[in-house]
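The values are calculated or read from the model by the stated rules, or taken from the named source; none is laboratory data. Keep in mind that this is a model prediction, so the values were computed, not measured. Every residue, glycine as well, gets a Cβ built from its backbone with ideal geometry; the counts of neighbours run over all protein chains shown. When the accessible area is computed, the model is the full protein with side chains, heavy atoms only, and any ligands, DNA or RNA have been set aside. Shrake-Rupley method; radii C 1.70, N 1.55, O 1.52, S 1.80 Å.
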Amino acid sequence: MRADAARNIELLLKTGACMLAEDPTASIGAIAAAAGVDRRTVYRRFAGRDELLTAIHQARLGAIEAAIEVARLREAPVPVALHRFVEEIVGVNRTWPAEVGKMRLDPELWARRRRSVDEVESFLRRATDEGFLRPGSPARWPGNVLGQLLHLATAELPGLSDAQAADVIVDTFLRAFAQPQGLPVPDRSYDRAPLS
């Protein structure tokens, strides 16, 4: 594929992800027009909305897999890996706001998504084993909460950069699940009465 054609497809997929997140009935023609891509070009590449949606999901999964790789969940220090992962996924969610539940209809896409979820679960077990997170939570509960925080941040923290949103998410997550020594001690000097 030529570089300009690849750029057009990427723009189409990103536009489609955003438009379908807002309006699941958006037509291919409307998506093509918003992306500034000729409608005939779209139909040469995708037979219909289902193929376009599959391509959007594949692009989202690719971005998630890249985020996991960048975060180095298996070897980076837990605090570094956690923040890096969250920051990267905030960016993924903002770029590819696709409804992941629809992936269940495609066994291949769903299996690929489950592999990424399992990778994060493995990281959270490592964080617990290394004493960073409290043990004793129900299975998969910390990961489910982290996923919901990431989802919520996409809608509720639009004015923050990816890094700033990650700060808020990680802080919230650690207040729920970190070992007490894993939490930073806040500077509360501003609310102490002066000594006399």
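Loop only per DSSP, at most 11 neighbouring Cβ atoms within 10 Å: give me the GluC sites (Glu not before Pro) in the stretch 52-98, ordered by residue number. Those satisfying the criteria are GLU75. Maximal additional length on extending the ASP38-GLU10 stretch stands at 8.7 nm, based on 0.36 nm per residue less the C-alpha distance. Distances between placed amide hydrogens fall under 5 Å for ALA178 paired with ARG134, all partners being 5 or more residues away or on another chain. Phi-derived couplings, Karplus 6.51 cos²θ - 1.76 cosθ + 1.60 at θ = phi - 60°, listed residue by residue for the stretch 68-73: 5, 5, 4, 6, 6, 4 Hz, with x used for Gly and Pro.
FRET efficiency for the ALA139 to GLU22 pair, using the beta carbon distance and R₀ = 45 Å, is estimated at 0.85.
Heavy-atom accessible surface of HIS57, to the nearest 10 Å², is about 10 Å², with a 1.4 Å probe and all protein chains retained. The ellipsoid that matches the Cα gyration tensor of the stretch 28-122 has semi-axes, each √(5λ) in whole angstrom, of 30, 15, 9, with the longest given first.
Students often get this wrong, so try it: which of (i) 77, 39, 30; (ii) 51, 31, 29; (iii) 62, 38, 29 is Cα extents along the principal axes in Å as calculated from the structure shown? Comparing each candidate, only (i) matches the computed number. Taking all protein chains into account, the per residue accessible area for the stretch 38-139 stands at 56 Å² (1.4 Å probe).
Take every Cα pair under 8 Å whose residues are at least 6 apart in sequence, average their separation, divide by the length of the chain, and the relative contact order is 20 percent. Between GLN179 and GLU75, the FRET efficiency estimated from the beta carbon spacing at R0 = 22 angstrom works out to 0.60. Under the rule of -39500 (n - 2.57) per DSSP H run of 4 or more residues, summed and divided by the residues of the chain, what mean residue ellipticity at 222 nm is obtained, to the nearest 500 deg cm²/dmol? Calculated from helices alone, the mean residue ellipticity at 222 nm is -22500 deg cm²/dmol. For the options LEU105, LEU146, LEU174, a Gaussian network treatment of the chain with springs between C-alpha atoms closer than 10 Å singles out LEU105 as fluctuating the most. For the chain, the share of accessible area belonging to carbon and sulfur comes to 53 percent (1.4 Å probe, ligands and nucleic acids excluded).
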